[in-house]
Amino acid sequence: MKPVSQLQQTFDSKHFAVTAEIGPPKGADPMSIVQKASMLHGYADAYNITDNQTAVVRLSSLAGAIHVKNQQMEPIVQMGCRDRNRIALQSDILGASSLGVHNMLFVTGDHQSKGNHPMAKGVFDIDSVQLIAIARQLRDDGVFQSKDEIKRGKPSIFIGAVENPFATPLDIRVDRLEKKIKAGAQFIQTQSVFNIDRFTEWMQEITERGLDKQVHILAGITPIKSHRMLNRMRFHVPGVDIPDEIAQQLESSQDIQAKAIDISIDLIQEIKQIKGVHGIHISAIFWEKIIPDLIKQTRIGPKYR
Amino acid sequence: MTLCHVSSMIISKQKSFQHILSRVKGYSVYIFGCSECATMCRTGGEHEVKKLADQLAHEGVIVTGWKILEPACNHMNLKRLLPTLLQDMNQADCILVMACGDGVQVVSSLFPSHRIISGNDTLFLGVKEKINQYTRKCNLCGDCVVDQFYALCPIARCPKHLLNGPCGGSEQGICEVESNLPCVWEQIYVQFKERGGENPFIKYQPPHDWSQSERILYEAKK
């Protein structure tokens, strides 16, 4: 099958892919996206634009994706199930494809109670697995979820999903990944990896079950910018697993940012050696400018092929 | 004829006294409680209704009378009682109903000339786990899937209604959204390990049919 995006082409060519996250602004001024994009130009194969992440209202993912695309960079649009029902989501899939945005990452989304509009009604008409299956059905069968037929153009989609190897119960995490793959997921971005032992164990189960042949896994990397962020990630962000050893290294360091970069570099080097991993996904939350350093020092991504 | 030991019911919580007072201040009021769910939840039983009547009187509101309906949602019973209530009721400008939203509307259908005020917020269909603690069990969604999950409903008991496995945010079996809520998917996991059956973490559940949950009218087949 012909790739629908550069990212898909990268995987097809067996290159080790790099994706990076760009958080859209809390406002209508696109300059911060344009600035972040120009800073990151050429360092990654594609760039995620988050969809009202942590349930805080921001410039929409699709609009952000277009700003990125206008910088001659390839976006990954994100779509969550919290704010839109199956009608709106299918409409946005068609819309994204029509605008030439073909990498789409489907998530359930953080609960609205955690964001800046806790009184909002959460939609959750469908979940991420169902959204993945619907996207595949639109693309491959040309029918909507209701079985009504698509007229005038099936969407082209490279289907992405997320997975958290560190969430409990641990022994069903690969089952759930398999479910997403069967539904149609073609690439997976994982929760930030800090616990390399657990990540290795998860990958081992994936390769034993042959799932690495069916999906491209990008390991999540998050450099921790400050003590405040370390504390937040350790104790307040659900599903993040930072081992005590790494936390202590960061805490006791004179320069937490330098230490965070060292740790991220070590993690990338180790992850590159793990069988079945096809790339790295960097989400440097409010610290995008550090991404070029990480790329230069680990020599991954399009610049180093 | 109160049913005893009803543990499953419509769960309600009382609106704040300040809110209720602001709605009835300057009017005379008659109060209805409910012998069933609202009594069990302590939001509209005799004790709560008497206490509220005293508090309102203390604030200068004229309370012309009160009655615990058996129960508030029983239209027939209420109709039968009507003649005995009319005198007190006719002296009141408004009726304060300490029942669920259904009870409030049954009362209002019989007293079209009174202003109707709800004293409770209706939360969900659930059970009383222990004193002052209630759990949602059913969302009345109109398309029951609970038998596919060891009779643990992910639509009612997962804040994201996830049908295809947990979200990845629970910690030590506790939901990321509510700090005392056990993750229903952890509970399903335990049942799957103990009882076996088809793996709910691999078996795909298609999108739910919400069309019945949107129904306003329903006519049962004869």
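Odds and ends about this structure:
- Residue in region B:180-189 that is more than 8 Å from chain A (Cβ to nearest Cβ), surrounded by fewer than 14 Cβ atoms within 10 Å (Cβ to Cβ) and at negative phi present: yes
- Out of A:212, A:244, A:141, sole residue that is more than 11 Å from chain B (Cβ to nearest Cβ), loosely packed, with under 14 Cβ neighbours inside 10 Å, modelled with pLDDT of 95 or more and more than 22 Å from residue A:265 (Cα to Cα): A:141
- Count of region A:7-56 residues which are acidic (Asp, Glu) and closer than 17 Å to residue A:287 by Cβ: 1
- Qualifying residue in region A:87-96 (condition: more than 13 Å from every other protein chain (Cβ to nearest Cβ), modelled with pLDDT of 95 or more, in contact with a Pro (Cβ under 6 Å, 6 or more places away or on another chain) and closer than 20 Å to residue A:185 by Cα): yes
- Residue A:100 passes every criterion in (1) over 18 Å from residue A:180 (Cα atoms); (2) part of a loop (DSSP other than H, G, I, E, B); (3) within 14 Å of chain B (Cβ to nearest Cβ) apart from (3).
- Filter pass, residue A:110 being closer than 30 Å to residue A:41 by Cα and acidic (Asp, Glu): yes
- Residue A:190 surrounded by 15 or more Cβ atoms within 10 Å (Cβ to Cβ), more than 14 Å from chain B (Cβ to nearest Cβ) and under 30 Å from residue A:15 (Cα atoms): no
- Taken over region A:60-97, the residue count meeting the criterion of being within 26 Å of residue B:177 (Cβ to Cβ) and part of a loop (DSSP other than H, G, I, E, B) is 6.
- Any strands (runs of 3 or more DSSP E) falling wholly within region B:1-81 and containing at least 3 residues that are more than 27 Å from residue B:130 (Cβ to Cβ) and in contact (Cβ under 8 Å) with a residue 12 or more places away in the chain: B:28-34, B:62-69
- Selection count, region A:264-289, where residues are within 20 Å of residue A:246 (Cα to Cα) and under 14 Å from the mean Cα position of the chain (by Cα): 6
- As a summary of the residue check, residue B:198 satisfies the conditions (1) away from every other protein chain (no Cβ under 11 Å); (2) assigned to a loop (DSSP other than H, G, I, E, B); (3) among the charged types (D, E, K, R); (4) more than 26 Å from residue A:173 (Cα to Cα) except for the one numbered (4).
- Only listed residue being small (Gly, Ala, Ser), surrounded by fewer than 14 Cβ atoms within 10 Å (Cβ to Cβ) and in a loop (DSSP other than H, G, I, E, B), chosen from B:113, B:109: B:113
- Pick from region A:83-111, criterion within 23 Å of residue B:164 (Cα to Cα) and among the hydrophobic types (A, V, I, L, M, F, W, C), ranking: surrounded by the fewest Cβ atoms within 10 Å (Cβ to Cβ): A:87
- Among the residues making up region A:112-124, those that are surrounded by fewer than 19 Cβ atoms within 10 Å (Cβ to Cβ) and either farther than 17 Å from residue B:162 by Cα or within 11 Å of chain B (Cβ to nearest Cβ) (or both) are A:113, A:114, A:115, A:116, A:117, A:118, A:119, A:120, A:122.
- Only a single item in (1) within 14 Å of chain B (Cβ to nearest Cβ); (2) under 16 Å from residue A:284 (Cβ atoms); (3) among the small types (Gly, Ala, Ser) is not met by residue A:260, and it is number (1).
- Residue A:54 at pLDDT below 95 and either surrounded by 24 or more Cβ atoms within 10 Å (Cβ to Cβ) or within 14 Å of another protein chain (Cβ to nearest Cβ) (or both): yes
- Pairs, first free of Cβ contacts under 8 Å to residues at least 40 places away in the same chain in region B:167-183, second among the basic types (Lys, Arg), C-beta under 7 Å, six or more apart: B:167/B:160
- Per the listing B:140, B:125, the residue uniquely closer than 24 Å to residue B:40 by Cα, more than 9 Å from chain A (Cβ to nearest Cβ) and part of a loop (DSSP other than H, G, I, E, B) is B:140.
- Candidates are the residues of region B:116-127 that are within 11 Å of residue B:10 (Cα to Cα) and buried (at least 18 other Cβ atoms within 10 Å of the Cβ); the one that is farthest from the chain's Cα centre (by Cα) is B:126.
- Test: residue B:160 is over 20 Å from the mean Cα position of the chain (by Cα), at the interface with chain A (Cβ under 9 Å from one of its Cβ atoms) and over 26 Å from residue A:80 (Cβ atoms): no
The values are calculated or read from the model by the stated rules, or taken from the named source; none is laboratory data. Predicted model only: the values in this text are computed from it and were never measured. Reconstructed Cβ throughout: ideal geometry from the backbone, glycine too, with neighbour counts over all protein chains shown.
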